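The values are calculated or read from the model by the stated rules, or taken from the named source; none is laboratory data. Note that this is a predicted model, so its numbers are computed, not measured. Cβ placement follows ideal geometry from the backbone for every residue including glycine, while neighbour counts extend to all protein chains displayed. These area figures cover heavy atoms from the full protein model, side chains too; ligands, DNA and RNA do not enter into them. Shrake-Rupley method; radii C 1.70, N 1.55, O 1.52, S 1.80 Å.
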Amino acid sequence: MISLLNKMAEGLGRAVRRFLNKVVGYLVFIWELFKNIPGAFTNLHTTVEQMHHVGITSIPVVFAASLATGAIMSWQLAYQFGDMIPMMFVGMAVGKSVMVELCPILTAMVLAGRIGASMCSELGTMAVTEQLDAYKVLGLNPYKYLLAPRLIATVIMLPVLTILSIFIGIAGGYEVAHLYKEVSWSVFFYGVRMFYQNWDLVVGLIKATLYGFFISSYACFFGFFTHSGAEGVGKSTKATVVAGMTSILIGGFTLSKLLLV
């Protein structure tokens, strides 16, 4: 019994030590990355290419997710409370929820699975095939030419995609409420406008910016330090997606508690 407890304690200690080492390594990596962000603007075309990759190519999947989010939210509200509250409150609830919570978090989830995995696999493949070492041999800084542009592009484009997502979510909510519950344009958007506050949109964009940082920083970190060939690329990609989505959920709740008081 004592031997089993000792083994469990040793295993827990190793897991905690690995986790702390990973956290410290991540913080050191972020510090080095931040130092090279100004230099990335001298290589602006790379950042623009990454912005296209992160933003423009993600529009179709963000559109579909946002439309479904607004439609489902509107239908459930109209169905559950249709005989209890005025229909303008459907517009209010849809507008508030997609602005503050749903669209920022779902857009980030989409990008964590799509862009985070893509970035990590690209960098991981470069790491295991020694392309990153070739950068260093040629005197090129990987932080400046590879990592910082990805971080900047994601932090910029995720709020932009979130704004698009909010408009699509509200439009989808209106269409469902109008088609299936005969809620008019004036009634629906009267509720959206009456309860709208600028701070709601600001909170949503703050969350989107933080989510963009989480997604890109994890992708760069795990991809940059990938080893052990194709198996290592797979493990790094999985770690990126898991860490990104976990941080999005925890960060969203924490920011809501801090900003919505």
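Listed values, structure above:
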read-out: Residue list for region 222-232, restricted to those being buried (at least 23 other Cβ atoms within 10 Å of the Cβ) and not in a loop (DSSP other than H, G, I, E, B); value: 222, 223
read-out: Subset of region 115-166 [at pLDDT 90 or above and among the basic types (Lys, Arg)]; value: 150
read-out: Residue 150 being under 30 Å from residue 35 (Cβ atoms), more than 12 Å from the chain's Cα centre (by Cα) and basic (Lys, Arg); value: yes
read-out: Those helices (runs of 4 or more DSSP H) lying entirely in region 1-61 with at least 3 residues within 21 Å of the chain's Cα centre (by Cα); value: 2-35, 44-54
read-out: Residue list for region 173-218, filter: under 15 Å from residue 99 (Cα atoms), in contact with a helix residue (DSSP H, G or I) (Cβ under 8 Å, 6 or more places away or on another chain), open to solvent by 10 Å² or more (accessible area, probe 1.4 Å) and of a type in the set (A, V, I, L, M); value: 192, 194, 201, 205, 206
read-out: Residues located in region 130-172, provided they are of a type in the set (S, T, N, Q), open to solvent by 40 Å² or more (accessible area, probe 1.4 Å) and touching a residue at least 60 places away in the same chain (Cβ under 8 Å); value: 141
read-out: Sole residue being loosely packed, with under 12 Cβ neighbours inside 10 Å, modelled with pLDDT under 90 and closer than 30 Å to residue 213 by Cβ, chosen from 94, 16; value: 16
